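Beneath this line is the structure, given in structure tokens, with notes to follow.
The values are calculated or read from the model by the stated rules, or taken from the named source; none is laboratory data. None of the values given here were measured: they were computed from a predicted structure. Here the Cβ positions follow ideal geometry from the backbone for every residue, glycine too, while neighbour counts run over all protein chains shown.
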Amino acid sequence: MPLLPSDQTVQKINEIFNENRLDFFDIRPIGEAAEAEADDSQKRFFEALRMAFAPAMQANSADKPFAPIATFSDGSRSVSIEDLSDDDLSLLQILADCEFPSIALARVNDILWVRKKNHLCARKAVDNYLRLAELAFSPSEWVVGFNYIKRANTIACQLGNADIVSEHIDSALSRLDGSDPLFFSLSLVELQVANKRGDFASYLVYVDRILSHALEPVDTTFKV
């Protein structure tokens, strides 16, 4: 009989990866759960998750989307996804079929795509990254959400069908309407143009609005 996560393990993982979390940089709660788990078979799920979340995501790299947090002068490094054993990957595959927050499912399925070339996991990773991007949508605090879109775009292009990502980008651009204060719209347009997707005429309208806002005079009068 295959090993399955217990109800208590599923509940604990859901508590760690709270649905409202948009990023996950602190893996200590996973490690603490592993140390607290008395059942060695259940402990393995937490240890596999800790390994999966130890590396940092590099949204700008299609070839190496995950990298060790640290590399030291003696040539050693922190955890890499290459350190995940076949047993670890099997446990992650089991977790990938569970109901967890998108922050957990995006990373788990992405790693299974990178390491095992599982196309179903790749599609799940894209869906969950776009869900995270929607949750993180903000004209001003935009970098986290954009990185999720960029990673989803990379995977979708590798699968040969990026239509779902292109539609998400066009929807975001329509909502922003070229009025965002920083570089979110420009970054999204750049992504579409680089992939030769979308309606270039509408993108020119957005860019024109962005430039108009940028060229508006700024009141520099000193006020006491």
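Within the stretch 73-124, the residues that satisfy the criterion of being over 18 Å from residue 17 (Cβ atoms) and among the acidic types (Asp, Glu) are 74, 82, 83, 86, 87. Among the residues of the stretch 65-90, those that are exposed (fewer than 13 other Cβ atoms within 10 Å of the Cβ) and polar (S, T, N, Q) comprise 71, 73, 76, 85. If you go through the stretch 82-94 and keep only what is part of a helix (DSSP H, G or I) and under 12 Å from residue 47 (Cβ atoms), you end up with 83, 87, 88, 91, 92.
Looking only at residues of the stretch 155-192 that are part of a helix (DSSP H, G or I) and hydroxyl-bearing (Ser, Thr, Tyr), we find that the one that is surrounded by the most Cβ atoms within 10 Å (Cβ to Cβ) is 185.
Quick check on the stretch 106-124: of everything there that is among the aliphatic types (A, V, I, L, M) and over 13 Å from residue 95 (Cβ atoms), which residue is surrounded by the fewest Cβ atoms within 10 Å (Cβ to Cβ)? Once the filter is applied, the top-ranked residue is 120. Scanning the stretch 13-45 for residues that are of a type outside the set (A, V, I, L, M), without any contact (Cβ under 8 Å) to a residue 40 or more places away in the chain and in contact with an Asp or Glu (Cβ under 8 Å, 6 or more places away or on another chain) returns a single hit, 43.
Note on the stretch 1-27: among residues that are under 18 Å from residue 42 (Cβ atoms) and among the charged types (D, E, K, R), the one that is surrounded by the fewest Cβ atoms within 10 Å (Cβ to Cβ) is 7. Looking across the stretch 140-154, the residues that are assigned to a helix (DSSP H, G or I) and farther than 21 Å from residue 108 by Cβ come down to 143, 146. Whenever a residue of the stretch 84-107 is farther than 23 Å from residue 152 by Cβ, its partners that are outside any loop (DSSP other than H, G, I, E, B) and among the small types (Gly, Ala, Ser), lying with C-beta atoms within less than 6 angstrom and at least six residues away or across chains, give the pairs 88/48; 91/48.
The single condition among (1) over 24 Å from residue 57 (Cα atoms); (2) out of contact with any helix residue (DSSP H, G or I) (no Cβ under 8 Å at 6 or more places or on another chain); (3) acidic (Asp, Glu); (4) modelled with pLDDT of 95 or more that residue 208 does not satisfy is (4).
One residue alone among 116, 196 is touching a Leu at 6+ places or on another chain (Cβ under 8 Å) and of a type in the set (D, E, K, R), and that residue is 116.
Among the residues examined, residue 143 qualifies as surrounded by fewer than 23 Cβ atoms within 10 Å (Cβ to Cβ), of a type in the set (A, V, I, L, M, F, W, C) and free of Cβ contacts under 8 Å to residues at least 40 places away in the same chain.
Across the stretch 68-83, the qualifying residues are those that are under 19 Å from the mean Cα position of the chain (by Cα) and among the hydrophobic types (A, V, I, L, M, F, W, C), and the one among them that is nearest to residue 112 (Cα to Cα) is 81. Every condition in (1) part of a helix (DSSP H, G or I); (2) under 19 Å from residue 192 (Cα atoms) holds for residue 137 except the one numbered (1). Where helices (runs of 4 or more DSSP H) sit wholly within the stretch 1-81, those with at least 2 residues that are of a type in the set (Lys, Arg) occupy 40-53. Taking the residues in the stretch 146-161 that are under 8 Å from the mean Cα position of the chain (by Cα) and not charged (D, E, K, R) as candidates, determine which candidate is farthest from residue 128 (Cα to Cα). Within the stretch 146-161, the match that is farthest from residue 128 (Cα to Cα) is 147.
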